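Okay, structure first, notes after.
Quick note: the coordinates plus some simple rules give every number you see, no bench work behind them. Just so it is clear, the structure is predicted and the values come from calculations on it, not from any experiment. With ideal geometry, Cβ positions are generated from the backbone for all residues, glycine too; neighbour counts draw on all protein chains shown.
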Amino acid sequence: MAFIHEVLQEPSYGWKNADGELSKPTPKQIFSEFFSRLNVFKDKKNWLSFMSWGMVLFLAPFLFLFVFKYFSVTGLIIAFVYSMIVMGTHGTIWYHRYCTHGAFKFKNNFWRFFTQNLTLKIIPEEIYAISHHVHHALSDTPGDPYNAQGGFLYCFLADANHQPVNRNLDEKGYNRCLTLMKHTGVTCNTYAQYKKWGSVANPFHMVLGVVANWAFWFAVFYLLGGPGLACAIFGAAGFWAVGVRTFNYEGHGKGEDKRRDGIDHNRKDMSVNQLWPGIVAGEWHNNHHLYPKSARSGFKPHQVDGAWYYIKFMSMVGAISHYHDSKKQFYKDYIKVPVTETIVAKPVFCPTTGKQIFATEVI
């Protein structure tokens, strides 16, 4: 467990307090850490956190342009569907099930690239994937980068405060980070470059990839519906980028035990299944914590899982060569179907009278 405890950059207020319990910083401490982690003038190694939030700020004007200049009901519906369903489902497919857990494998790099760029690129893979391994190993305990017991701000600003990779890893530790990222197709730094930039991802290739992705999609949306459609979708993407940062606080009961019998079967942490994230993004979080490497987490009939439908379809057309599906295991382990008892009358002969009688038997 040493690597898991050391792979992320510890915040100035620490993971634990003097008693070994979760260190719960004040809002002032959280904001101070946040702005310190974004300050690229103080330390260029802050570039990835700065870029992550910089993209959100860059998208804000598109939202204002849509609302105040290009607003239409049709545009609003498109923006809602794109942000809530398209980007939410893509986040589950790409960042969650593939980049972090390797729940499926692409047939070749083309299909990986295709899936990676299905939507606007907002979240750097490194920030999400590496820290999410820590989240699963240390869920709801000190060291969990978005521990809901730390409060809303602790989770909301976690991508800058708690999720960046430790900048002081030795070469062996850094190479272990590379093994967590190599399948994603992200261009990674050498160890010498890592010491210079403080990240696994190469800054030049990361920025170039985002610029190319945004330019492509802006052109597509502009050609399809003019500046109104482009602003609606780009603004919606920025809205999603803010909203997704609230998920783990909600998904772990806001720091309380909100698990329900018969619904949330995993009892090792405080994760819960939520109807809205499940329907729009396939994120049945308690199910996911039961079987994190499963390409499907919507196990029950009502648990819609758009991410799984995409993975299954891509498998059917040959774009995905392999996937894990834990639905059968889930039903075997947690859905216990009682044997139906039926009482029948069975003819037998009484040894005393020699006459035929009927005895009951449970089958």
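Partners of K172 within straight-line reach, counting lysines whose Cα lies under 16 Å from its Cα and excluding those fewer than 8 residues away in the same chain: K182, K195.
Principal semi-axes of the equivalent ellipsoid, √(5λ) from the alpha carbon gyration tensor of the chain, are 45, 27, 21 Å from largest down. Counting only Cα atoms, segment 35-115 measures 43, 41, 19 Å along its principal axes, largest extent leading.
The ranking of I4, I311 by Cβ neighbour count inside 10 Å, starting from the fewest, reads I4, I311. Note on T141 and V220: with the Förster distance fixed at 41 Å, the Cβ-Cβ geometry gives a FRET efficiency of about 0.40.
The ellipsoid that matches the Cα gyration tensor of segment 179-220 has semi-axes, each √(5λ) in whole angstrom, of 24, 12, 5, with the longest given first. Averaging the Cα positions of each part gives two centres, and for segment 283-310 and segment 109-162 these lie 18 Å apart. The trypsin sites (Lys or Arg not before Pro) of segment 216-278 that meet both conditions, a loop assignment by DSSP and at most 13 other Cβ atoms within 10 Å of the site Cβ, are R260, R267, K268. Working note: 222 nm ellipticity from helices only, DSSP H runs with n ≥ 4, each -39,500 (n - 2.57), summed and divided by the residues of the chain, gives -14500 deg cm²/dmol to the nearest 500.
Near the amide H of S321, within less than 5 Å, lie the amide hydrogens of K105, F106, K107, all on another chain or at least 5 residues away, with H placed in the peptide plane. Extending 7 Å from Cα along the Cβ direction at I263 and again at N175 yields two label points whose distance is 4.8 nm.
Using C-alpha pairs below 8 Å separated by at least 6 residues, the relative contact order for the chain is 22 percent. Measuring between alpha carbons in the structure, the pairs from K28/K254; K105/K254; K300/K332; K300/K336; K293/K332; K45/K293 lying more than 22 angstrom apart are K105/K254; K45/K293.
Per-residue Cβ neighbour counts within 10 Å put T246, T179, T100 in the sequence T179, T246, T100, beginning with the fewest.
Cβ-to-Cβ counts within 10 Å put L208, L22 in ascending order as L208, L22, the fewest first. Computed 3J(HN,Hα) for segment 321-327, one whole-Hz value per residue from the Karplus formula 6.51 cos²θ - 1.76 cosθ + 1.60 where θ = phi - 60°, is 8, 7, 8, 9, 10, 9, 4, glycine and proline marked x.
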